[in-house]
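Worksheet for the structure shown next.
The values are calculated or read from the model by the stated rules, or taken from the named source; none is laboratory data. Just so it is clear, the model here is predicted, and its values are computed rather than measured. Glycine also receives a Cβ, built like all others from the backbone with ideal geometry; neighbour counts cover every protein chain displayed. Accessible surface areas use protein heavy atoms only, side chains included; no ligands, DNA or RNA. Shrake-Rupley method; radii C 1.70, N 1.55, O 1.52, S 1.80 Å.
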Amino acid sequence: MRSNLIMIVVVLCVLALMGCSQQEEPRSVQTVVKYAKNFQLEYHDDYKILRVKQGDEWITYILYHHKKPDIDGIPVKIPVKRIVIMSSTHLAQLEAINATDSVVGFMWGEKYNLYFDDVKKAIEEGKIADVGSPSAPDYERILALKPDLVVIYITPYNEEVKKKLDELRIPYVVNSEWLENDPLGRAEWVKFFAALTDREEQAQKYFNRVEKNVLDVAEKVSKSESPKLLWCTIYKGKVYVPKGNSYVAKMAEYANANYVFQDVDGTGSATVTLEDLLLRGGNADVMVYSSYRVKSIDDLLRIDSRLSEIKAVRNGNVYRISEDYWQLGLLYTDVVVKDLAAITHPDKFPGYEPRFFVKLE
Amino acid sequence: MKIFIILIILFFLSLFVVSTGIMVGSVDATVGDLLESLSGKDNIKGYIILNVRAPRTFGAYLGGSALALSGLMLQTYFRNPLAGPYVLGISSAASLGVALYVLAGVGWDYYGLVGSAMAGSVVAILMVLLLASRVKSAVTLLIAGLMLGYVFGAIERILITFAESRQVHEFVMWTFGSFSGITWEDLEILTITVLLSAILSIILAKPLNAMLLGEEYARSMGVNIRVVRIAVVTLSSFLAALITAFAGIVAFIGLAVPHIARMLFRTSDHRILIPAVAVCGALITVTCDIVARTIASPVELPISVVTSLFGAPIVVFLILKRKKVG
């Protein structure tokens, strides 16, 4: 009896030690999520746990190399080599870690210009298949591509895509990068793709660079006075502005600009009245019109003649976003932040030409 | 006599609401600010009242009466209490016009939007008129109009399916409707056209009264059915098209205000109903516009949300009340 007990104790000790030594063994690259709020990564010896926030709940994915570990979660065998993606923002993140060659399908539908030249070329050459629009993709083509994984985002408008993928048993993961309200949080989603494609090192390098550049810019302008910034689009008298906790508001914070609708709660955008725009934005120093369809101040006044009352419009200090803002702008987040800092603090960046903001004539 | 008193009271009430609309908003402005701005001084508060708030309030006034008038005429002509300004496919056609303009990436100029909505509506009006001159009965025309709406809606959905999400968002926001974009120049057009249409509709009051008893009866009374049909369809569709072009789709007003007016005035005589509906429509729409822009300030609610949310209970209340009396 007694010897049996000793045996058990010894075995348990050995097991415990083994367990400890396993846990303590450091991985070569440990990525941690610092800014992003909608995903988490956990690195284990031969598997990774990826958690993505979708609505109010967290979805757990178990990323494994050889053998699926016995833990709860949706298993995904990595590295994924054949990915179908839903959005050009996914392209930006894959581009950042040089992984666009693993894309086999893209829900594009030829409805907008692509500014990633390598991807454009790959589509022309047939290496990447255009599998239709994100709201109504061509499931047969997706099936035919035999993807390892489909990366989707879920909005109230496209929930049926998720249902359809479930029904067709096509493996997919949810990407909630578009919900991040910190530019660095959004940039950090490269780590999501890195975990899937085993490219942690590139991701870390990319992210460290972006983070350093953004924080350097923030430091550079932090002592200056913060000018008033207006950021909006106007559409038939209805004014759309980013809310106070949005991506844009956070970007303004890095650039030390005083965003005039900072106090509107929430993320995403809000419709405000034209009178509020004129009242609060009337003395704005810089205005960004967040569309690239407006080319000149005259264009702007054709949308609503009453914008002429805004100080920034009178002084010709109005910028629009560049055509590639929504694509390359997400790849070069640091440049976008620097641009915004430069247009709001021109004295700090003499001779600097913004890349992603264009001054209206 | 009593009816005239109610009408006059309502009219003054509507004027009161308009002045409230001009004075109430995000900006606490005084008459002094307004006078300063009128005298040409640079005063942003006065500018806002004069060039942002006043035109939208007057726009809501005219828009509300136009939609209500349009609804009344169509309800009477089709003898269908569920008919409204959009029953002949005007709203679908207008939004198809806008969809083609916005989703195809042509632009989003203010007058481009107004023009494309108007162009879409005119196409629909012409198609409805072509039908109206051929079909025999009002019911056939109603069904044909509904079908037309479905076809336009389907084409619009095809465009949405293949459009970029950002553009879809812009487009969806258009369909919500708002009087916010209206300027003084627009008001000139709106005032002239709405007033002219109102006068024309008064001419139609007698034939519309006869129509209440059915087309056959009206014919026996010596009413030229075809002329009345064309006139009603053209006038009501034109009013709906005009307001939709400038303000987007405004729900509820055209459908419900005629019912409210009928219950308030306890009559179906169009000589009374036409001015009554115009005043009630204006009163309700201006009130809803004030609520839409102040209740969650600085965030603005779509006007259709307010018209439906506040208006529908009023109609239910009036129906229940009438039941008790009767």
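Observations on the model:
- Those residues of region B:272-309 for which accessible area with every protein chain present is at least 40 Å² below the isolated value (1.4 Å probe): B:298, B:299, B:300
- Across all Cα atoms of region A:154-281, the radius of gyration (one decimal) and Dmax (whole number) stand at 18.6, 56 Å.
- The residues of chain B present an accessible area of 43 Å² per residue when probed at 1.4 Å with all protein chains retained.
- For the cross-link pairs A:127/A:359; A:81/A:111; A:238/A:295, the ones whose C-alpha atoms lie over 28 Å apart are A:127/A:359.
- When A:65, B:270 are compared by accessible area of protein heavy atoms, the largest-first order is A:65, B:270, using a 1.4 Å probe.
- Accessible area buried at the A-B interface, both sides summed, 1.4 Å probe (Å², nearest 100): 3600
- Take each residue in A:260-267, count the other chain C-beta atoms within 10 Å of its C-beta, and the mean is 1.
- Tilt relative to chain A, helix A:2-24 - C-alpha long axis, 0 to 90 degrees, to 10: 30
- For region A:222-239, residues shielded by at least 20 square angstrom of accessible area compared with the chain on its own, probe 1.4 Å: A:235, A:236, A:237, A:238
- Chain A, accessible surface, carbon-and-sulfur percent (1.4 angstrom probe): 51
- The Kirkwood hydrodynamic radius of chain A, based on inverse pair distances between different Cα atoms, is 22.6 Å.
- Divide the volume of the convex hull around the Cα atoms of the protein assembly as shown by the residue count and you get 225 Å³ per residue.
- For chain B, averaging the sequence separation of C-alpha pairs within contact (under 8 Å, six or more residues apart) and dividing by the residue count gives a relative contact order of 29 percent.
- The residues of region B:1-48 occluded by other protein chains by 40 Å² or more of accessible area, set against the chain on its own, are B:26, B:44, B:47, B:48; surface from heavy atoms, 1.4 Å probe.
- For residue A:205, a cut-off of 20 angstrom between C-alpha atoms picks up these aspartates and glutamates, skipping any fewer than 8 places away in its own chain: A:42, A:95, A:101, A:177, A:182, A:188, A:216, A:334.
- Computed FRET value (nearest 0.05) for residue A:143 with residue A:57, which takes r as the C-beta separation and R₀ as 22 Å: 0.20
- Qualifying lysines (Cα of each under 28 Å from Cα of residue B:136; at least 8 residues distant if same chain): B:206
- As computed over region B:6-51, the Cα convex hull volume per residue (Å³): 73
- Positive contributions from Lys and Arg (+1) and negative ones from Asp and Glu (-1), summed over other residues with Cβ under 15 Å from the Cβ of residue B:55, come out at -1.
- For residue A:223, the lysines whose Cα falls under 23 Å of its own Cα, not counting residues fewer than eight places away in the same chain, are A:212, A:250, A:338, A:348.
- Beta bridges by DSSP in chain A, antiparallel share as percent, to the nearest 5: 50
- Stokes-Einstein diffusion coefficient of chain B, Kirkwood radius over Cα pairs, 20 °C, 1.002 mPa s, in µm²/s: 105
- Counting Cβ atoms of other protein chains within 10 Å of each Cβ in A:295-305 and taking the mean gives 3.
- Under 12 Å, Cβ to Cβ, from residue A:82 - net charge with Lys/Arg +1 and Asp/Glu -1: +2
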